[in-house]
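Trainee: Structure in structure tokens, see below.
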Amino acid sequence: MQIRMVASAVACALVLATSSTVMAQGAQPGRAGMARNDGAAALKQDMRKLWTDHVVWTRDYIVAAVADQPGAQASATRLLKNQEDIGNAVAKFYGDAAGKQLTTLLKEHITIAVDVVKAAKAGDKAALQQADGRWQKNGEQIADFLSKANPHWPRATLAGMMKMHLSTTTNEVVARLNKDWEGDVRAYDAVYDHILQMADALADGIVKQFPEKFRAASSRD
């Protein structure tokens, strides 16, 4: 909420080949390039799955919490598990300590989001303002952490993405509280479209920072 990889194009020049040896040598880079593309694409899909889970379970929680449904706690628990999944994915590239730190920040993101929903539902403006302030600060902390880990993730860009994520999620909560069902659908479309952009940006940054990992993956294919 929270309440809550880079396909490279390879251009091949057509040349006159006078021997089968030259042709064979020319084919090798193409196969390696294709394998790298596959590895980058797989990372992108993995990131999209993780962050899609993030907004899907966030929405499930919002719907249940606003309607006082008993499934709200189960949705929140599943949402917290998603933060561990994201942290574990990052740990593959940045180490266990970094993965755990990100998981901690993301879990704070979720627990604060729960407070945002509760305050909004209760109409408690003071509590809502206080929770939103903590939410915004947590978003900045996540942007700081990620930007320090990868030079291809500019801090300003990440901060903007986190702010947009919080904004679109807030719109989702407000629309549902107001029983604005068409607005609720539009809000979730915006949440989903934005999280895919964010997932792709994170995947692209990893591929740019660790190209050797994707070359290594190609040699195993």
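Values in this text are rule-based calculations from the coordinates and carry no lab data. Fair warning: this is a prediction, and the values are worked out from it, not measured in the lab. Cβ placement follows ideal geometry from the backbone for every residue including glycine, while neighbour counts extend to all protein chains displayed.
Trainee: Determine Rg/Rh for segment 175-218; Rg is computed over alpha-carbon atoms and Rh is the Kirkwood hydrodynamic estimate from the same atoms.
Mentor: Numbers: Rg = 17.6 Å, Rh = 12.8 Å.
Taking Rg over the Kirkwood Rh, I get 1.38.
Trainee: Let me ask something additional. Taking 25 Å as R0, compute the FRET efficiency from the Cβ-Cβ separation of residue 126 and residue 77 and round it to 0.05.
Mentor: 0.30
Trainee: Same structure, new question: Applying the Karplus parametrisation 6.51 cos²θ - 1.76 cosθ + 1.60 with θ = phi - 60° to the phi angles of segment 132-143, what ³J(HN,Hα) value in whole Hz is obtained for each residue in order, glycine and proline being reported as x?
Mentor: For segment 132-143, the Karplus-derived couplings read 5, x, 5, 5, 5, 5, 4, x, 5, 5, 5, 4 Hz, x marking Gly and Pro.
Trainee: What is the sum of charges, Lys and Arg at +1 and Asp and Glu at -1, for the other residues whose Cβ falls under 14 Å from the Cβ of residue 158? Kindly include the intermediate steps, with their values, before the conclusion.
Mentor: On the way: positive: 148, 155, 163; negative: 140, 144, 200, 204.
Cβ neighbours under 14 Å give a net charge of -1.
Trainee: Next question, about the same structure. Please report 177, 105, 158 as a ranked list, fewest other C-beta atoms within 10 angstrom at the top and most at the bottom.
Mentor: Values: 177 15, 105 19, 158 23.
Starting with the residue having the fewest Cβ neighbours, the order is 177, 105, 158.
Trainee: Would you list 166, 50 from fewest to most Cβ contacts within 10 Å?
Mentor: Details: 166 23, 50 20.
Listed from fewest to most nearby Cβ atoms, that is 50, 166.
Trainee: Using a ≥ b ≥ c from the Cα gyration tensor of segment 56-171 (square roots of the eigenvalues), is it rounded, prolate or oblate, where a/c under 1.5 gives rounded and otherwise the larger of a/b and b/c decides, a/b for prolate?
Mentor: Oblate, since a/c reaches 1.5 and b/c is not below a/b.
Trainee: Please state, to two decimals, what the Cα-based radius of gyration of segment 136-221 comes to when divided by 2.2 N^0.38 Å (N = residues). Present the calculation step by step, with values, prior to reporting the outcome.
Mentor: Numbers: Rg = 16.7 Å, N = 86, 2.2 N^0.38 = 12.0 Å.
Dividing the Cα Rg of segment 136-221 by 2.2 N^0.38 Å gives 1.40.
Trainee: Just rank 108, 182, fewest to most, by other beta-carbon atoms within 10 angstrom. All intermediate terms of the calculation are to be shown ahead of the outcome.
Mentor: On the way: 108 18, 182 8.
Ordered from fewest to most neighbouring Cβ atoms within 10 Å, 108, 182 come out as 182, 108.
Trainee: Cβ under 13 Å from residue 74's Cβ, residue 74 left aside: what net charge do those residues give with Lys, Arg +1 and Asp, Glu -1? Intermediate values should be presented prior to the final figure.
Mentor: Details: positive: 78, 81; negative: 60.
Charge balance near residue 74 sits at +1.
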